[in-house]
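Below is one structure, written out as structure tokens; comments come after it.
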2 protein chains.
Amino acid sequence: MYKQYTIERLKINFKTLEEFKKFQSFGAQELSMLEDLEANMIENDSNSPFYGIHFGGKLVARMSLYTISQKFDRYFEPPQDYLELWKLEVLPEYQGKGYGRALVDFAKSFNLPIKTNGRNNSHDFWSKMGFETVTYNTERDRGENPFVWFPKGVSEQTL
Amino acid sequence: MYKQYTIERLKINFKTLEEFKKFQSFGAQELSMLEDLEANMIENDSNSPFYGIHFGGKLVARMSLYTISQKFDRYFEPPQDYLELWKLEVLPEYQGKGYGRALVDFAKSFNLPIKTNGRNNSHDFWSKMGFETVTYNTERDRGENPFVWFPKGVSEQTL
């Protein structure tokens, strides 16, 4: 048993981007959103591929989730649309409270296969989340450490 | 001016894999090589996508380099074969001596465009290496921080 949290799809605005700066994985994706906002190339409330959990008015956990089209699927059998999950991160002082699991469960709720690139030493976490490793393939995976989640009836694609 | 180092294409054998364990970015790629060795699925001296520098008989720096075919090129104009560089890493006590630059220069010597996914806070390093950022694209780049190197006559592909 663990707590229920409310997961929101994050709006791209200056407040969100300011909150993103507290996350270690702040990078090209966030900088690009910031530039687009500043140049008025996107609306102040556009939806982002980010989902997050707020606690006390503060963003404490987030992840990015994106649907990859079936035609690019090299992980799952039968080939199908799947979710790529990245930048799953919980602020240090909020870790161990089930925020990470709540985000992963939200991703699973679409009932599509999920693929993520695990950080070093993340094997135990992804294993607890029900994710599995796949057979590493240099051309497909390069420097990644792929972990995948199979919904019922889905298995690993043989390359 | 900096020192000249000898860059070697690394052979996959138990000695190399044992040395790889000292590098932070040890992951699915290395585990897969180890399993293939143990199962006799690869020769003890097969070439790997890794290049490295030895000092005093010890592997002190490495990177992985892989040619991506022109048909998958979404970074460069005109589209062409390019190199994907990953796991560039110098053991902590050997940093600041030009090993990283020597490996990057080796990658450049093929005179193909290069793309890498920069770690957090690696902007200054890649900039010093002559690499540039590209316009971030969610579908292509997802959680990556792409840095690219353009040989003469090559520019960024407009998506």
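The values are calculated or read from the model by the stated rules, or taken from the named source; none is laboratory data. Just so it is clear, the structure is predicted and the values come from calculations on it, not from any experiment. Glycine gets a Cβ as well: all are built from the backbone with ideal geometry, and neighbour counts include every protein chain shown. For accessibility, only protein heavy atoms count, side chains too; no ligands or nucleic acids. Shrake-Rupley method; radii C 1.70, N 1.55, O 1.52, S 1.80 Å.
For this structure, a couple of remarks:
- A crude spin-label estimate for the pair residue A:125 and residue A:40, with each label 7 Å from Cα along the Cβ direction, gives 4.0 nm.
- Residues whose amide H comes within less than 5 Å of that of residue A:81, counting only those at least five positions distant or on another chain, are A:70 (H built at 1.01 Å from N in the peptide plane).
- Centre separation in Å (Cα based) which lies between region B:2-29 and region A:121-139: 23 Å
- For chain A, calculated [θ]222 nm from helices alone, where every DSSP H run of n ≥ 4 adds -39500 (n - 2.57): -6000 deg cm²/dmol
- Choice from B:55, B:20, B:76 showing the highest fluctuation, given a GNM over chain B with Cα pairs closer than 10 Å: B:55
- Overall dimensions of region A:1-40 as given by Cα atoms, namely Rg and Dmax in Å: 12.9, 45
- In nanometres and ascending order, the distances from the residue B:69 label point to those of the other copies are 1.9 (point 7 Å from Cα along Cα→Cβ).
- At 7 Å out from Cα toward Cβ: residue B:130 inter-copy label distances (nm, ascending): 5.0
- Gaussian network model of chain B, springs between alpha carbon atoms under 10 Å - residue of B:112, B:88, B:37 with greatest fluctuation: B:37
- Peptide B:135-146 has a mean of 6 when you count, residue by residue, the C-beta atoms of other protein chains within 10 Å of its C-beta.
- Choice from A:113, A:49, A:78 with maximal GNM fluctuation in chain A (Cα, 10 Å cutoff): A:78
- Share of pairwise Cα separations in region B:2-156, more than 27 Å, in percent: 26 percent
- Residues whose placed amide H lies under 5 Å from that of residue A:76, excluding near-sequence neighbours: A:157
- For residue A:56, label point 7 Å along C-beta direction: distances to other copies, nm: 4.9
- Reference-scaled alpha-carbon Rg (2.2 N^0.38 Å with N residues) for the protein assembly as shown: 1.04
- Other-chain or far-sequence residues with amide H under 5 Å of residue B:118's (modelled H): B:145, B:147
- Heavy-atom surface of region B:25-80, accessible at 1.4 Å and reported per residue (Å²): 48 Å²
- Overall, the accessible surface of chain A at a probe of 1.4 angstrom is composed of carbon and sulfur to the extent of 48 percent.
- Chain A contacts chain B over a buried accessible area of about 1800 Å², both sides summed; the probe is 1.4 Å and only protein chains count.
- Under the Karplus curve 6.51 cos²θ - 1.76 cosθ + 1.60, θ = phi - 60°, whole-Hz ³J(HN,Hα) for region A:69-83, x wherever Gly or Pro sits: 5, 3, 5, 9, 6, 10, 10, 10, 10, x, x, 6, 4, 9, 9
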